[in-house]
1. Determine Rg/Rh for the range 36-88; Rg is computed over alpha-carbon atoms and Rh is the Kirkwood hydrodynamic estimate from the same atoms.
2. Where does each of 89, 31 land when they are ranked from fewest to most other beta-carbon atoms within 10 angstrom?
3. Can you tell me the 0 to 90 degree angle between the C-alpha axis of helix 2-13 and the longest principal axis of the chain, rounded to 10?
4. Given only helices, namely DSSP H runs of n ≥ 4 each adding -39500 (n - 2.57), what is the per-residue ellipticity at 222 nm of the chain, to the nearest 500 deg cm²/dmol?
5. How high is the relative contact order of the chain, given as a whole-number percent (alpha carbon pairs under 8 Å, six or more residues apart)?
6. Computed on alpha carbon atoms, what radius of gyration and Dmax characterise the range 2-107, expressed in Å?
7. Would you order 108, 85 from fewest to most other beta-carbon atoms within 10 Å of each residue's own beta-carbon?
8. Report the Cα-based extents of the range 1-49 along its three principal axes, largest first, to the nearest Å.
């Protein structure tokens, strides 16, 4: 959890990273120059952190209520086209079980709504 909080702090403290993340989420292919490796490094760190949390959850080392909240964030992030593109290019870096979990999240993703109000039918 601590690592995810640090990622959030980075976004709030560094406007250029927040802008890069936003552009990358919406379209990985639109990133050019050093933006692509920066976004790649950011996403790799986020997904490694989530992977660790996923296995902690499976081993029963995290509160299920906390995991449900993390899972909701994962679901929202995975709905973005740039995240999906990045994942297709880099999923081979991760454990097969985690890859299946993320693939399922992406296959069932609804339109992105990160930082928006929930839809009325939800």
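1. Working: Rg = 12.2 Å, Rh = 11.9 Å.
So for the range 36-88, dividing Rg by the Kirkwood Rh gives 1.02.
2. Working: 89 12, 31 18.
In increasing order of surrounding Cβ atoms, one gets 89, 31.
3. Relative to the chain, helix 2-13 is tipped by roughly 30 degrees.
4. Values: 6 runs with 84 residues, N = 122.
Helices in the chain give a 222 nm mean residue ellipticity of -22000 deg cm²/dmol.
5. Details: 75 pairs, mean separation 33.8, N = 122.
After rounding, I find 28 percent.
6. 13.7, 42
7. Details: 108 10, 85 14.
Placing the least packed residue first, the sequence is 108, 85.
8. Answer, in whole Å and largest first: 30, 22, 17 Å.
Laboratory data are not the source of any read-out in this text; all were calculated from the coordinates shown. What you are looking at is a predicted structure, and each value in this text was computed from that prediction instead of being measured. Cβ atoms come from the backbone with ideal geometry, glycine included; neighbour counts cover every protein chain shown.
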